[in-house]
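Read the figures in this text as sums done on the coordinates, not as results from a lab. Remember, it's a predicted structure, so these values are computed and weren't measured experimentally. Glycine also receives a Cβ, built like all others from the backbone with ideal geometry; neighbour counts cover every protein chain displayed.
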Amino acid sequence: MPGRRLTFLRRALIAGVAALALSACATTRVAGPTPDYSSMPREEALSALADLTARYRANPRDRNVVINYAAALRAQAQTGQAVAVLETGIRDFPNDPEMRVAYAKALTADGRFGQALNVVDSAIRPEAPDWNALSVKGAALDQLGRNGEARALYQQAMVIAPSEPSLLANMGLSYAMTNELTAAEHYLRQAAAMPRATSRIRQNLALVIGLQGRFDEARNIYAAELPPGEVEANMTYVRRLLTQQNRWDRIATQN
């Protein structure tokens, strides 16, 4: 029964760890960091997507437009289209490691974890690994339930990029996926306190706190990030998860 209990928790948190890993900014050669479209206000993100759609149609072989367009599509849950865009990008830029990392992100977001691992492995240079690539590989491993391997990669990435909050947050969500909520909160609090922490990180901290039954504290964090209606929706979700978890605990005790 503990395995079934952890399965539901993993499903609840799996999107969080993937989203953090996949939304982390990556430096591109020409255009600078890829924006985190998933953390933008909805109207701004949709406007950016419309602009990138037009630019991609005008020149589908513009490397930076391809990478940014795919990221904007992923932020709107258009993961299949993002994969298709990057499949074309990989054909045009077969030796570009950043294109491969972007492709692995799209595959992971689309649930194609084994393929994502193969792609991102080809982009990682053992003698000089990129923290973003390590994070993407960790996200895919976490979603496959290989949490120990994922955490080792996040730890390696943190040595390379110690000021990157998404790495600490991914570590926290990895622990949350195995129901180690104290460790999860520890890492998420560190991530949320960093200067470049996103609203998504703070909301995941609220989720982990709520799963420990500290509803007032969780509500206060959500209230600082979301409109009132969304706060209540998130609190309802937390309570539903906790009720389900407690149900599995009771069944395990009875058996």
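Quick one: what are the phi-derived ³J(HN,Hα) couplings along the stretch 50-63, Karplus 6.51/-1.76/1.60 with θ = phi - 60°, whole Hz, x for glycine and proline?
After applying 6.51 cos²θ - 1.76 cosθ + 1.60, I find 4, 5, 5, 4, 5, 5, 5, 5, 6, 8, x, 10, 7, 3 Hz.
In whole angstrom, note down how far apart the Cα centers of the stretch 47-61 and the stretch 108-185 are.
30 Å
Measure of size requested: the Rg and Dmax of the stretch 97-255, with Cα atoms as the atom set and Å as the unit; please supply both.
According to the Cα coordinates of the stretch 97-255, Rg and Dmax are 17.0, 52 Å.
I need the trypsin sites (Lys or Arg not before Pro) found in the stretch 52-88, filtered to DSSP loop residues with at most 12 other beta carbons within 10 Å of theirs.
61
With 10 angstrom as the radius, rank 108, 53, 198 by how many other C-beta atoms surround their C-beta, starting from the fewest.
Going from sparsest to densest Cβ surroundings: 53, 198, 108.
Is the stretch 120-207 best put as rounded, prolate or oblate by its Cα gyration tensor, with a ≥ b ≥ c the root eigenvalues, rounded for a/c under 1.5, and otherwise prolate when a/b is larger than b/c, oblate when not? Mind dumping the intermediate values first?
Numbers: a/c = 2.22, a/b = 1.37, b/c = 1.62.
Taking the square roots of the gyration eigenvalues as a ≥ b ≥ c, the stretch 120-207 is oblate.
For every other residue with a beta carbon closer than 12 angstrom to the beta carbon of residue 141, add +1 if it is Lys or Arg and -1 if Asp or Glu, then tell me the sum.
Net of charged neighbours comes to 0.
I need the calculated FRET efficiency for the pair residue 125 and residue 84, taking r as the beta carbon distance and R₀ as 30 Å, to the nearest 0.05.
Calculated value: 0.65.
Run the quick spin-label model on residue 152 and residue 59: label points 7 Å from Cα toward the beta carbon, then report their separation in nm to one decimal.
4.3 nm
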